[in-house]
Amino acid sequence: MTLAHRLFAGSALIVVVFVALLTLLSGVRLNHELRELETQRLAHEARLVAAMWANAPDAEAFATTAGTMLGHRVTLIDSSGRVIGDSRFDLAGLAHLENHSTRPEVVQARRSGTGSALRKSPSRGDDELYVAVRAGARTARVSMSTGELSDVIASAQRDVLLSGAVGLVVALLLSVAFARRVSRPIVELRDVARALAQGDLGRRPALAAPGEVGELGDAVHRMAEQLATRMTALQHEEGVLAAVIESLHEGIVAVDANRQVVRLNQSARELLRLNSALPFPADLLPRHSGLRDALKAALSGHAGEREEITVDGRTLALTARPLGAGGAVLAFFDLTETRRLEAVRRDFVANASHELKTPLTVIGGYAETLVTDEIPAEQRVQFVQTIRANAERMRRIVDDLLDLSRIESGGWKPHAVPVDVATLAPDVLAAASSAAMAGGLQLMTDVDPDAHTVRADPTALRQVLTNLVDNAVRYTPSGGSVIVFTRVATQGSWVGVRDTGIGIAPEHLPRIFERFYRVDRGRSRDEGGTGLGLAIVRHLAEAHGGRVEIESEVGRGTEVRAFFPEPAVTAS
């Protein structure tokens, strides 16, 4: 098959596959998006019905009226699961309906406030989308047939197929013209290259074409003129190549056909822990199955794909290529630090997105609900207060992230001076007194007279104690105590907080100072924590040249302390 035919066939195949995939994906995506939108719309309608149902004396009449106004089926279910109103049935028909207490959407609504389900309707026999909302002990449900969604999806897929057919015809016409234009000069260049390979160095391409093909012709012309010169320069280039290989941070290992390592640079020796003098058997290379398989395939003449292996705890990218003389070359690139940074970045992005998504979802949901004019004034105030609380939570998360970024990037340097903890601690505890009083907690200080002064940045030390006290108050049950303490240590002082709270299980302690790490995610968010307080404490302590430690026992309490070193005294 000629180049022109391959280009034509390839273009046709690409367009056909693209149209098929676009049709399939558009149908799946559109179906998903439409169902999501309809579910949200039905949820809004169900909330409206639930809100208005409280003032309706006749459930059956209200269901019929609401169903007519909304254009969807409205079902009203009492606390026992009995249907007491349905826009599709009259009073006689209601008596024959099954108990709805086990319907998935009703069960979910009673548990979480809102529930949805897609299934075949027992009364009509077609697929229906149900959305239920809890209304006190009762449940309001709105449903619709999915037949309309299927019609929209089918129409969209027909339009995509029609557009794809037109695009296919145009693409085929263009590919024919393009294939002919490209193949002719390439055929001429092929003939010239064959002549040069056979030793006819006087052969030159006669074409003068614009663009890349013309550049290729000029390159072939120059190649023929430089062959003789390049032959004499090979020996010099070999020396340069050896120097370049030695200067690479990438490890290079060359193995001949007899499985002898004949060349490796210093980077390869360090990455693979090799000390043997050249040449030495390839069996002395690390005994890793991936490395051995890649070497075996390369020695057999097959170029392997890049793969990652772990040698002595380091992650290496391995590429194996065969050599013309029957040997192989192995290239190793150290990815250990890259993979660690990628994991840190992935965790940070995932955690930050997860933490911000919850308040954003709450704000968006309540804001959409506030658009409805029928909401009572007192409920509007409650919604606005909820939006404000979640906006404040987002602000705290962003502020903590900015603090962490400033500390980690080196944009903030501590200005360490002597700070009197005996004076600072009562101020910190006073800021938490309202929350402690509401929780029935006792706030105390235990400042060691020999460690009442700590050399630290005053603002940073206040932030450390504030974060630790807030955490202790948040997780200490009523009747407990929170104590700010200091303790003398070698070449420095410990400053920390201990409580009689719920404690932390041992398996969580190694990761407790990571950003956004939570022992109990649901409770942490309910209590208002950002998940960054302990990470900030750790970075502030390390910025002073210190460290943080934690001791905890489930049900007994937790002690978190930061070490602040004293400056070294130099002899005069």
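Just so it is clear, none of the values below were taken in a lab; they were calculated from the coordinates. Just so it is clear, the model here is predicted, and its values are computed rather than measured. Please note: Cβ atoms are built from the backbone with ideal geometry, for glycine as well, and neighbour counts cover all protein chains shown.
Hey, quick one: spin label on SER145, modelled 7 Å out along Cα-Cβ, who in the stretch 86-111 has an amide N within reach, i.e. under 18 Å? Correct set: 87-90. Reducing the stretch 38-74 and the stretch 386-400 to their Cα centroids gives an inter-centroid distance of 34 Å. Ordering THR490, THR558 from the fewest to the most neighbouring beta carbons within 10 Å gives THR490, THR558. Please say if the stretch 248-333 is rounded, prolate or oblate, where rounded means a/c under 1.5 for a ≥ b ≥ c the square roots of the C-alpha gyration tensor eigenvalues, and otherwise the choice is prolate for a/b larger than b/c and oblate otherwise? It comes out oblate by the Cα gyration axes. Counting only residues at least eight positions apart within a chain, or on another chain, the aspartates and glutamates with an alpha carbon under 15 Å from that of LYS413 are ASP403, ASP457, GLU542. Ranked by how many other Cβ atoms sit within 10 Å of their own Cβ, fewest first, the residues THR315, THR500 fall in the order THR315, THR500.
Once C-alpha pairs closer than 8 Å and six or more residues apart are averaged by separation and normalised to the residue number of the chain, the relative contact order reads 7 percent.
Could you tell me which of rounded, prolate or oblate describes the chain, using a ≥ b ≥ c as the square roots of the eigenvalues of the alpha-carbon gyration tensor, with rounded for a/c under 1.5 and, failing that, prolate when a/b is larger than b/c and oblate otherwise? Since a/c reaches 1.5 but b/c is at least a/b, the shape of the chain is classed as oblate. Listed from fewest to most Cβ neighbours within 10 Å, the set ARG518, ARG119 follows the order ARG119, ARG518.
Specify whether the C-alpha gyration tensor of the stretch 357-400 places it in the rounded, prolate or oblate class, a ≥ b ≥ c being the square roots of the eigenvalues: rounded for a/c under 1.5, otherwise prolate if a/b is larger than b/c and oblate if not. Prolate, because a/c is 1.5 or more and a/b exceeds b/c.
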